[in-house]
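Here's the structure, in structure tokens; my notes come after.
The values are calculated or read from the model by the stated rules, or taken from the named source; none is laboratory data. These figures come from a predicted structure and were not determined experimentally. A quick note on method: Cβ atoms are made from the backbone with ideal geometry, for glycine too, and the neighbour counts reach across all protein chains shown. Only protein heavy atoms, including side chains, enter the accessible area calculation; ligands, DNA and RNA are left aside. Shrake-Rupley method; radii C 1.70, N 1.55, O 1.52, S 1.80 Å.
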Amino acid sequence: MHHSVTISLFDFSRVKPVSVFKIMNSDNGINENVDLWSVGKCIFCKGNVEEDAKILNCLHIICEDCTKRESTDLGVRCKCKIVTEGELIDYSIVLPNKSHSKICSEKNCQLIAKKICMHCKSIYCKPCSKTHPIKNVDHNPVLMKSYPLKKEFVSCTQCIKNCVEVFCIICSVMLCPLCHLMFHKEHAFKLLSTVATETKTEFQSLLFDLSKDNNHLDFLLETSDEYIEKLKSEKKKINDKIDECINKLHDEVHKRSNVLKKLLETNATDAVNSIHMNKKVLNGIIKKNEYYYRLTSSVINDNHTIRCITLSKIIKDQMVIARRQVQELPKEKANCKVKLIFNEEQSLKKCVESIRAMGNIISSQIVNLSTFKTTIDSNNVFPALKNDVSS
């Protein structure tokens, strides 16, 4: 049974927009423009998220049509390469002032839906809502609620009739108070509102850590720009020094000068390109963290307790992954510090016969963050990361 919860959109007007960035496809080595961090959009078709949307373990949203198209026996493989196994969790986002008027689900009926069957999640007009429980004897008439729902209603998994209100700590399931007394009497429990409050408090702490990580990444980006300027300065100095040395030699030395300059240009360009590539990787991590920050903030600001609990596991899992990505960056090398070195003293001491081997241009090695595994496969880190809607 699907658990559907409605969440109002979080106000992102004060948050920096997330743009499309270029990533490297590890399968074929081709650069592709892939937008992974647009809030309120389906990760596959980029359409606006509707009430029938689902959320993946990577916290990306998928619409109903793409869910049908992308689902396989192995689960749903997101564009970020993370596979979500098991039943997908509902993630309905209601746009402000959006009309809830929908047509009755009954075939050949065009009346406006007024009731929703909490058993099958289908909506019906008033006349069809009376015949639906008759045609489907296992659908209890008590679970025919007014549509749209005025408040959260998730039926108890054991009795079906009542709404869940407590959380069994031992079994990790949501139950109605009566079923808890009857079937989980000896188990400790908490009110769902208490669990939601505790979960949001934990989210707040995760958001603080995520902001801290992004501040660190911003610092790395600023440092990268500084080193690029230093590289340009060093390049000019070495270029002048090459000219000074080469001017002391004859025509053959002059030819070597051109070779050295090309070598310098190649090393400097490669170093700058490597830093730019690392900057793209850092920007990608920042945008992903900003996306997680916004999505989690929307859950915190929402008043729906059950939705918060339902999403708690996958949000916390992805927060742990996001933090680990930053923590596992090479601390001393990720700042893209690089030097260009021109070895000329030994060459100048050699005789004219050795002039063609004079000098060399090298640069200190830069860790290429694009080849660094910044995306941790959640299916390996969390072997049990399968959706269990009932819990």
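Here are a few things to note about the model shown:
- Qualifying residue in region 361-373 (condition: of a type in the set (A, V, I, L, M, F, W, C), crowded, with 19+ Cβ neighbours inside 10 Å and at pLDDT below 70): no
- Entirely in region 243-356, the helices (runs of 4 or more DSSP H) that have 2 or more residues that are hydrophobic (A, V, I, L, M, F, W, C), modelled with pLDDT of 85 or more and open to solvent by 30 Å² or more (accessible area, probe 1.4 Å): 251-301
- Residue check, Ser211 modelled with pLDDT of 90 or more, open to solvent by 60 Å² or more (accessible area, probe 1.4 Å) and small (Gly, Ala, Ser): no
- Checking each residue in region 113-144 for being under 24 Å from Leu181 (Cβ atoms) and touching a strand residue (DSSP E or B) at 6+ places or on another chain (Cβ under 7 Å) picks out Met118, Leu143.
- Conditions (1) at pLDDT 50 or above; (2) surrounded by 13 or more Cβ atoms within 10 Å (Cβ to Cβ): number failed by Thr72: (2)
- Flag if Lys235 is part of a helix (DSSP H, G or I) and over 30 Å from Asn360 (Cβ atoms): no
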